[in-house]
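Have a look at the structure below, then the notes.
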Amino acid sequence: MKTYLLEIKYEFLKALRMPQYALPTILFPIVFYLFFGVVFGQRNTGGVKMSEYLIATYGAFGVIGAALFGFGVSVAVERGQGWLEVKRITPMPIGAYFVAKLAMAMIFSAIIVLLLMIVGTTMGGVRLEPLEAITLLAVLVTGSITFCALGLALGFLVGPNSAAPIVNLIYLPMAFLSGLWVPILFLPKPVQTIALWLPAYHFSQLALHVTGGSRGESVLGHIGAMFAAAVVFGAIAYLGYRRDEGKTYG
Amino acid sequence: MNNLPAQFSRVTKNYGMVEALRGLDLTIRPGELVALLGANGAGKTTAVRALLGLSKPTSGEVRVFGGDPRDARSRTRIGAVLQVARVPETLRVREHIHLFSSYYPNPRPIDDVIQAAGLEGLEKRKFGQLSGGQQKRVLFALALVGNPDLLVLDEPTVGLDVEARRSLWKQIRAFIAGGRSVLLTTHYLAEAEALANRVVVIHKGTVMAEGTPYEIKGNADTLEDAFIDLLEAS
């Protein structure tokens, strides 16, 4: 137990002191939100104010970034550069390593969402009831699990140097096509169909169910899609982990 | 069943077509410092990885204190300095040691480890701010913190200057003085001569010569000459 807590503490400190991770992860969603959510905030989309709509989608955007970079890139780097082996030859339970990264991504996610709420309510004219705010935070932070699983899968499949570019190649198009930057209704019809296959779409729709502005599809359907994606990514990550072990311990 | 710190029995390891180890037999006894010598590709690192449970032998068996190297019980009794390309740079020296100490049931006190590894005054530095020699000493501290009975050092002084190398030697000798064991791989024959009770020369994955540094040296002037003669004779 003590090992898990210390591992989480130091994983968080490690990431927080890494400006190349901490700054873009936290600032990108906030800055995008300032541009689109605050400046164009009083327009309407899907029956709600843009500033309220975008707090959900940029929240999702930020959470996904924290998970893919904090989990995916850091596993790829630590695995590829030998640090994971230094830990594996100790009696550390391997679970502590992954739990710490998951917790770190969730803490960063919570920071991003809370900052967005502060900016939105003070500058964007967003009105969130306390219960709505808590629900939105819970939805966004919990959804992080699916993207941590994706990050973990990538972390075991890609090399330490290609990890960041590959994550960006997945992260940015997925965010756009899922309607995280620009509301999905503004995107062409074919894109709206593609979005149904992207976990980020279902994630953002769940968040939009809280703020208003979702497309009114079934909540259970979105949760099911997120869960299925987490299982698929988790399975790929497990195969990658086994392959990695097999390369050494095979 | 035995309680020897390390025992390799007819260990082979193939990577595809490459036979990295070909029937390696090697025993490390309590209180002994064994230097594993060999040219690049002789199988030194493969042997170390098998001993640490990072790599499974194709055939044969490796035991650590009589147990499977992958068991948590074996891992609490063994500490290692590996060749690692990069260590998280934003954690401080003391933080790294503190975290690793939590992995072990009976860790050495952190201040004790800092002193044993010669890191006094550097506790608050971030890993990325240290010199190469200091970074090696941190890895050495992480290997010591679990209070191991067997220390495995994979080319620990590569890239260090003379002074840093000597100071690490001193720390290795202090470790042995407690009756504990060390397996050291090295390119530097002077290092083997200075530290080892026993030298094991491996070539193409199998033991080629074994004895005290004095015995291996035989009639040659230095261990290095003897080593070159051995390789040429093969």
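Take the residues in the range B:132-150 that are over 21 Å from A:Glu7 (Cβ atoms) and out of contact with any Asp or Glu (no Cβ under 9 Å at 6 or more places or on another chain); name whichever of them is farthest from the other protein chains (Cβ to nearest Cβ). The extreme case among them is B:Gln134.
Among the candidates A:Leu169, A:Leu187, A:Leu180, A:Leu157, which residue alone is under 27 Å from A:Gln81 (Cβ atoms), at pLDDT below 95 and not polar (S, T, N, Q)?
Just a single option satisfies the conditions, and that option is A:Leu157.
Take the conditions (1) surrounded by fewer than 20 Cβ atoms within 10 Å (Cβ to Cβ); (2) on the phi > 0 side of the Ramachandran plot; B:Ile176 misses just one of them, which is (2). Would you be able to tell me the number of residues in the range B:70-82 that are under 20 Å from B:Thr185 (Cα atoms) and at the interface with another protein chain (Cβ under 7 Å from one of its Cβ atoms)? So the answer is 3. The number of residues in the range B:127-145 being out of contact with any helix residue (DSSP H, G or I) (no Cβ under 6 Å at 6 or more places or on another chain) and buried (at least 17 other Cβ atoms within 10 Å of the Cβ) comes to 9. Residue-level analysis places A:Gly65 outside the set of residues that are under 17 Å from A:Ala15 (Cβ atoms), modelled with pLDDT under 95, buried (at least 21 other Cβ atoms within 10 Å of the Cβ) and away from chain B (no Cβ under 14 Å).
Of the strands (runs of 3 or more DSSP E) that lie entirely inside the range B:17-99, those containing 1 or more residues that are surrounded by fewer than 20 Cβ atoms within 10 Å (Cβ to Cβ) span B:18-28, B:59-64.
Screening the candidates A:Ile89, A:Ile55, A:Ile94 for the property of being away from chain B (no Cβ under 14 Å), among the β-branched types (Val, Ile, Thr) and over 12 Å from the mean Cα position of the chain (by Cα) yields one hit, A:Ile55.
Residue-wise test of (1) among the aliphatic types (A, V, I, L, M); (2) touching an Asp or Glu at 6+ places or on another chain (Cβ under 8 Å); (3) over 29 Å from A:Gly120 (Cα atoms).
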{"position": "A:Val39", "(1), (2), (3)": "yes, no, no"}
{"position": "A:Tyr53", "(1), (2), (3)": "no, no, no"}
{"position": "A:Gly59", "(1), (2), (3)": "no, no, no"}
{"position": "A:Ile64", "(1), (2), (3)": "yes, no, no"}
{"position": "A:Leu68", "(1), (2), (3)": "yes, no, no"}
{"position": "A:Phe71", "(1), (2), (3)": "no, no, no"}
{"position": "A:Arg88", "(1), (2), (3)": "no, no, yes"}
{"position": "A:Pro93", "(1), (2), (3)": "no, no, yes"}
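Would you call A:Tyr241 free of Cβ contacts under 8 Å to residues at least 40 places away in the same chain and of a type in the set (Phe, Trp, Tyr)? Judged against the criteria, A:Tyr241 is not a match. Please name all residue pairs, on different chains or six or more residues apart, with Cβ atoms under 7 Å, provided the first residue is in the range A:111-125 and is closer than 19 Å to A:Ile64 by Cβ and the second residue is surrounded by 15 or more Cβ atoms within 10 Å (Cβ to Cβ) and polar (S, T, N, Q). Short answer, once both residue conditions are applied: A:Gly120/A:Ser51.
Restricting the range A:1-51 to residues that are β-branched (Val, Ile, Thr) and part of a helix (DSSP H, G or I), which is surrounded by the fewest Cβ atoms within 10 Å (Cβ to Cβ)? It comes out as A:Val31. Pairing residues of the range B:51-70 that are over 22 Å from B:Val18 (Cβ atoms) with residues that are surrounded by fewer than 16 Cβ atoms within 10 Å (Cβ to Cβ), at Cβ distances under 6 Å and at least 6 apart in sequence or on separate chains, gives B:Phe65/B:Asn3; B:Gly66/B:Met1; B:Gly66/B:Asn2; B:Gly66/B:Asn3; B:Gly67/B:Arg73.
Within the range A:161-186, residues that are among the polar types (S, T, N, Q) sit with their Cβ atoms under 8 Å from residues that are in a loop (DSSP other than H, G, I, E, B), at 6+ positions apart or across chains, in these pairs: A:Ser178/A:Leu198. For the range A:24-58, the tally of residues that are free of Cβ contacts under 8 Å to residues at least 12 places away in the same chain and not polar (S, T, N, Q) stands at 6. On the stretch given as the range B:4-16, residues that are within 12 Å of another protein chain (Cβ to nearest Cβ) and surrounded by fewer than 17 Cβ atoms within 10 Å (Cβ to Cβ) total 3. Scanning the range B:40-62 for residues that are under 28 Å from B:Thr157 (Cβ atoms), of a type outside the set (S, T, N, Q) and in contact with a strand residue (DSSP E or B) (Cβ under 7 Å, 6 or more places away or on another chain) turns up B:Ala42, B:Gly43, B:Lys44, B:Ala47, B:Val48, B:Ala50, B:Leu51, B:Leu52, B:Pro57, B:Val62. Condition check for B:Thr45 on (1) modelled with pLDDT under 95; (2) farther than 13 Å from B:Val152 by Cα: one failure, at (2). Among the criteria (1) within 14 Å of chain B (Cβ to nearest Cβ); (2) closer than 25 Å to A:Met117 by Cβ; (3) free of Cβ contacts under 8 Å to residues at least 24 places away in the same chain, the one A:Leu5 does not fulfil is (2). Kindly check whether there is at least one residue in the range B:221-232 that is of a type outside the set (Phe, Trp, Tyr), touching a His at 6+ places or on another chain (Cβ under 9 Å), assigned to a helix (DSSP H, G or I) and at negative phi. Looking through the range B:221-232, at least one residue is of a type outside the set (Phe, Trp, Tyr), touching a His at 6+ places or on another chain (Cβ under 9 Å), assigned to a helix (DSSP H, G or I) and at negative phi. State whether the residues of the range A:154-166 include one that is within 14 Å of chain B (Cβ to nearest Cβ) and among the hydrophobic types (A, V, I, L, M, F, W, C). Yes: one or more hits.
Take A:Leu220 and decide whether it is over 30 Å from A:Arg127 (Cβ atoms), without any contact (Cβ under 8 Å) to a residue 40 or more places away in the chain and assigned to a helix (DSSP H, G or I). No.
The values are calculated or read from the model by the stated rules, or taken from the named source; none is laboratory data. Here the structure is a predicted model, which is why all the values come from computation and not from measurement. Positions of Cβ are generated from backbone atoms using ideal geometry, with glycine treated the same way; all protein chains shown enter the neighbour counts.
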